[in-house]
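Structure first, commentary second.
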Amino acid sequence: MTVTQSAVDAIEERPARHGLARYAAAKAGGALLSIAMVIVATFFAFRLLPGDPVRALAQGRNMTPEQLDLERARLGLDKSLPEQFVHFVGQTLRFDLGVSYEYKRPVLDLIGERIGSTLLLTGTALVMAVSLGVWQGARAGWKPGSRFDRFSTAISLVLWSVPTFWLGLLLLMVFAAGVGPIPGIFPTRGIESVDAPDGFGYVLDVAKHMVLPCLTMVAVVYAQYLLVMRSSVLDEVGQDYVTTARAKGLRDDEVRRKHAVPNALLPTVTLVFMRIGFVVGGAVTVEAIFSWPGLGQLFYEAIRVPDFTLMQGTFLLITVSVILMNTLADVVYHVLDPRVRSA
């Protein structure tokens with residue numbers, strides 16, 4: 001009986017597919033458990049914040065104690081904590097995040113209005129940070145100890161250690177408000193000007209508003225990609241295939257771009273997948289400093305009240321996105337790296 005090569009390949013691939021399915025199922029189970037723990041923690045953690053939402057919403061209004069009690073009952077805050085928790089879990093399982101205390105609108109509608117601005121800002125910053133970090137990390141790791149390696153690594157570590165709010169305020173003060181001979185050339189807040197033109201002019205106006213918040217986010221995170229890429233390239237430099245490529249007479253730059261860098265990208269790809277989860281959540285600090293109308297700003301506004309339903313909804317969206325992206329990163333790493341599959 002003759003067995004074709006395709007049949008042999010199919011037999012060999014079947015255990016690998018089953019192993020991947022089991023691994024993905026295990027990771028999915030862990031993700032569901034994490035999401036369940038986040039749901040519980042989200043409810044009780046925000047109840048520990050100081051302040052009374054009803055009294056905060058009643059500021060500037062002459063409301064009697066009876067009216068305050070009616071408002072508290074309307075918001076469901078007159079119920080016991082266990083009853084509120086059961087109601088919150090039931091709503092969450094139905095994908096209903098409730099109604100905002102302050103805006104008196106469904107939380108999902110508010111998130112839908114803000115998420116586009118957040119994705120625009122954080123997505124752009126992520127692409128720029130990855131591009132800059134991978135390029136500098138590859139060059140620095142290829143020639144460790146060089147002037148470029150020392151300079152780029154030092155600058156990235158300094159920026160990584162700088163608090164985000166401090167860097168944002170510094171850029172805002174220097175390049176938006178203007179200091180001494182330096183004029184303010186960028187907007188101080190928002191995503192668009194009041195008199196923004198239509199068409200391509202509007203695109204340029206939004207891009208101008210994005211410069212400072214995007215620069216702030218890139219400066220404080222690109223070091224992660226630089227250091228991971230640098231370490232990966234350092235591991236590849238001494239490999240036999242690199243020595244062989246050089247022995248064949250290939251130019252040093254060609255060996256780096258076509259051989260070393262593609263093999264060193266795996267840890268960076270995994271890190272990118274993990275960071276995609278934070279793209280949805282944005283950067284609360286950056287959006288608050290620059291009054292960027294995204295989810296981070298929405299979350300900041302909810303904390304000030306405090307608006308429990310709005311805080312819970314935005315926080316859940318952010319954390320669930322991070323958990324799902326981390327799970328996807330683990331699965332992608334398992335698929336791409338044969339050493340993990342064989343372990």
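The values are calculated or read from the model by the stated rules, or taken from the named source; none is laboratory data. None of these values were measured; they are calculated from a predicted model. Methodologically, a virtual Cβ is constructed for each residue, glycine included, from the backbone with ideal geometry; neighbour enumeration extends over all protein chains shown. These area figures cover heavy atoms from the full protein model, side chains too; ligands, DNA and RNA do not enter into them. Shrake-Rupley method; radii C 1.70, N 1.55, O 1.52, S 1.80 Å.
One residue alone among Arg256, Arg275 is within 24 Å of Ser152 (Cα to Cα), among the charged types (D, E, K, R) and in contact with a Lys or Arg (Cβ under 9 Å, 6 or more places away or on another chain), and that residue is Arg256. Taking residues in the stretch 296-315 that are surrounded by fewer than 23 Cβ atoms within 10 Å (Cβ to Cβ), and partners anywhere that are of a type in the set (Lys, Arg) and at pLDDT 85 or above, not one pair has Cβ atoms closer than 6 Å while being at least 6 places apart or on different chains. Restricting attention to the stretch 150-165, does a residue exist that is β-branched (Val, Ile, Thr), closer than 23 Å to Thr118 by Cα, part of a helix (DSSP H, G or I) and in contact with a helix residue (DSSP H, G or I) (Cβ under 6 Å, 6 or more places away or on another chain)? Yes, that holds for at least one residue. Exactly one residue out of Met217, Met229 is surrounded by 20 or more Cβ atoms within 10 Å (Cβ to Cβ), at pLDDT 80 or above, closer than 29 Å to Leu172 by Cβ and not charged (D, E, K, R): that is Met217. Among the candidates Lys208, Lys143, Lys104, the residue that is open to solvent by 80 Å² or more (accessible area, probe 1.4 Å), of a type outside the set (A, V, I, L, M), free of Cβ contacts under 8 Å to residues at least 24 places away in the same chain and on the phi > 0 side of the Ramachandran plot is uniquely Lys104. When the criteria are applied in full, Ser80 fails the requirement of being of a type in the set (S, T, N, Q) and in contact with a Leu (Cβ under 7 Å, 6 or more places away or on another chain). Here the stretch 64-90 is the region considered, the condition is being open to solvent by 50 Å² or more (accessible area, probe 1.4 Å) and either of a type in the set (Val, Ile, Thr) or within 17 Å of Ile303 (Cβ to Cβ) (or both), and the residue that is farthest from the chain's Cα centre (by Cα) is Thr64.
Taking helices (runs of 4 or more DSSP H) that fall entirely within the stretch 193-305, which contain at least 3 residues that are farther than 18 Å from Thr124 by Cα and of a type in the set (Val, Ile, Thr)? If you could, list the steps in order and put the result at the bottom.
Working: elements: 200-237, 240-247, 252-255, 261-264, 266-281, 284-289, 295-304.
Where helices (runs of 4 or more DSSP H) fall fully within the stretch 193-305 and carry at least 3 residues being farther than 18 Å from Thr124 by Cα and of a type in the set (Val, Ile, Thr), they are 200-237, 240-247.
Looking at the stretch 41-50, can you tell me whether even one residue there is hydroxyl-bearing (Ser, Thr, Tyr) and either within 30 Å of Cys214 (Cβ to Cβ) or in contact with a Phe, Trp or Tyr (Cβ under 7 Å, 6 or more places away or on another chain) (or both)? Checking the stretch 41-50: at least one residue is hydroxyl-bearing (Ser, Thr, Tyr) and either within 30 Å of Cys214 (Cβ to Cβ) or in contact with a Phe, Trp or Tyr (Cβ under 7 Å, 6 or more places away or on another chain) (or both). Scan the stretch 166-185 and tell me whether some residue there is surrounded by 12 or more Cβ atoms within 10 Å (Cβ to Cβ), under 26 Å from the mean Cα position of the chain (by Cα) and outside any helix (DSSP H, G or I). No: the stretch 166-185 contains no residue that is surrounded by 12 or more Cβ atoms within 10 Å (Cβ to Cβ), under 26 Å from the mean Cα position of the chain (by Cα) and outside any helix (DSSP H, G or I). For residues in the stretch 301-343 being at pLDDT below 85 and hydroxyl-bearing (Ser, Thr, Tyr), which is nearest to Gly98 (Cα to Cα)? This residue is Tyr333. Cβ-Cβ contacts under 7 Å between residues 6 or more apart (or on different chains), taken from a first residue in the stretch 122-133 that is closer than 15 Å to Met229 by Cβ to a second residue that is of a type in the set (Phe, Trp, Tyr), are listed as Ala129/Tyr222; Ala129/Tyr225; Val130/Tyr225; Leu132/Tyr222; Gly133/Tyr222; Gly133/Tyr225. Candidates Arg94, Arg61: the one that is under 26 Å from Leu298 (Cβ atoms) and more than 36 Å from the chain's Cα centre (by Cα) is Arg61. Residues in the stretch 316-335 that are open to solvent by 10 Å² or more (accessible area, probe 1.4 Å) and of a type in the set (Gly, Ala, Ser): Ser321 alone. When we screen Ala245, Ala260, Ala196 for residues that are more than 27 Å from the chain's Cα centre (by Cα), touching a residue at least 12 places away in the same chain (Cβ under 8 Å), farther than 24 Å from Phe151 by Cα and surrounded by 13 or more Cβ atoms within 10 Å (Cβ to Cβ), the only hit is Ala245.
The condition (being buried (at least 16 other Cβ atoms within 10 Å of the Cβ), within 28 Å of the chain's Cα centre (by Cα), among the polar types (S, T, N, Q) and closer than 21 Å to Ile303 by Cα) is satisfied by just one residue among Ser156, Ser152, Ser117: Ser117.
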